[in-house]
Every structure is written in C-alpha cells, then in structure tokens.
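Next up is a structure, given as structure tokens.
The values are calculated or read from the model by the stated rules, or taken from the named source; none is laboratory data. As the structure is a computational prediction, the values presented were derived from the model and not from experiment. Positions of Cβ are generated from backbone atoms using ideal geometry, with glycine treated the same way; all protein chains shown enter the neighbour counts.
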Ligand SMILES: [Mg+2]
C-alpha cells in the first residue's frame, strides 16, 4: 500500500473495504452532491464556491480511464455546472430532473411544470415580501425557499405559506432540506433515480463499474438507498440517521477522497488498462 498521509481517518479505517470494492469492478462512477459536499454551506446559496483543490481533484479523477464523475445537485443544472467549473463531466440538476450526460435532457413532466413553478414563486415572493432574509429561488423545473437567514420566530410564517400553497395541489410536491423547502413537480424522481440514470448512460453495457455517492443532506438519502450494498455511500457531516455506510467530516475530507481515488484508488480497478501480469518481464 502506498503511503497516503493525506487521507481522512474515516477512509483510512475503511481502506480495505474501498480497495476490495475497487478490485471487484472494472470502472468507477463517482457521483457527488455540491452544497455541503464539494462546497461549504453558505448563508446565501449564491455565495457557495468550490475550493480550487477540490476542482483540481475532480479534473484529475475524471481524466482517468474507466472513470466518470457526475455532480448531482438540487440546484439548477446550469448554476451547479458553472459553480463546479469543470465543463466535461456530467451533471444532474434539480435533483436529476435535468441531466447532462453526453446530452442534455429534462424530464418531460418536469418541463411541463415550469409555468406552475414560476406562478408559485411569484405568489410566494408576494406573500413573504415582509419576511426578512427569505429567498425564493425559481430553478426552472423546481423552486427552493431558503430560510437560513430568517429569524426563528418568522420561520413558521414561511413554512405555513409554502405548505398552504403546495398541500392542496396534486401537480406539486413539497420536500425539505437544511433550512430549505422545495417545490417540485409531482414526478416520482429523486437523487437515487438520477444516479440510476447516470449509471445507465455513462457505464458501458457489458461493464461492472463501482458506483460511489457522496452527499450531506436528506435528499441524498435516496441515492444512498439506491446504492445499498452495490456501491459505496459516503455521508458528509454528523447528522444522524443515514443509510450511508460510511462517513466523512466535511468537504475537505471529500476532496481528500477524490485525490486518493485518482492517485491510488483507480490502480485497483480491474480494467484492461491495468491488466499487467504480476512479476512480468
Ligand atoms: Mg448538499
């Protein structure tokens, strides 16, 4: 084993599991959440940026043969792609309702919902105009209401307004995350479906690639559940109650895992590329 001083303790403890999983596969699909996973959570979503070393780690990993990297975010696809700043990897935006893997596609029911979402955003912006700190973000096929900056005693006003609008409708569903409420079209779709779709599109039909998913929030649980024991789920942070079997502390630890994968981990994949006889001439 090469000396790898840079890896987080949680990976060091599970290094055998990681190596064993890599050895059993001939490629690697690494799917990553953005906020709280690649970038630190900021009070204002527009302030979230990916550190340079994390971007470089993604570029290095994506350049490896038989490896695909995808970012799977609740953000609008164009927004998260610009923030990551690596144009030639795959992206799933709006929890996968928008996917760009080779080509861009929007879930058909979701694209029909854009007018409804815009209408609801207008109503909420009007109703919540007097609440300091609330941000109503129209993301095209979904909307996010951010209340991280709202005073505690005003949060129920925000929640009530969104619930009152969403609950009676059968074309919209309401989901929650860290200090956010999200309005989505009533399509059975989540980050798990997004990862399944990315795997189908990116992994050659006759290959067995190892799917890895890294995320920090409740919406990432769908991806952890999908992977189950077929891949490696990594939860970022110490929120209780996750389906992910592994944990790391923060985005810097995620960056360290990405660097370890590109520098060392990929060498364990059973690809033709690495099929060199041991002790050969
Ligand atoms: Mg997140």
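Please tell me if residue 133 is modelled with pLDDT of 95 or more, on the phi > 0 side of the Ramachandran plot and not assigned by TED's automatic domain parsing to the domain that holds residue 36.
Taking the combined requirement at face value, the residue satisfies it.
So residue 228 ticks every box in (1) assigned by TED's automatic domain parsing to the domain that holds residue 24; (2) touching a strand residue (DSSP E or B) at 6+ places or on another chain (Cβ under 8 Å); (3) on the phi > 0 side of the Ramachandran plot but one. Which box is left unticked?
(2)
Given the conditions (1) in contact with a helix residue (DSSP H, G or I) (Cβ under 7 Å, 6 or more places away or on another chain); (2) within 16 Å of the ligand (Cβ to nearest atom); (3) at pLDDT 95 or above, report the number of the one that residue 247 does not fulfil.
(3)
Moving on to the next point. Could you look through the range 187-205, keep only residues that are without any contact (Cβ under 8 Å) to a residue 40 or more places away in the chain and in contact with a helix residue (DSSP H, G or I) (Cβ under 8 Å, 6 or more places away or on another chain), and pick out the one that is nearest to the ligand (Cβ to nearest atom)?
Per the criteria, the residue is 192.
Still on this structure, I have one more. Among the residues of the range 47-80, which ones are in a helix (DSSP H, G or I), out of contact with any strand residue (DSSP E or B) (no Cβ under 8 Å at 6 or more places or on another chain) and away from the ligand (no atom under 16 Å from the Cβ)?
Matches in the range 47-80: 52, 53, 55, 56, 57, 59, 60.
Considering the range 206-244 alone, what residues qualify as being over 13 Å from the mean Cα position of the chain (by Cα) and within 12 Å of the ligand (Cβ to nearest atom)?
If the condition is that a residue be over 13 Å from the mean Cα position of the chain (by Cα) and within 12 Å of the ligand (Cβ to nearest atom), then 237, 239 are the ones that fit.
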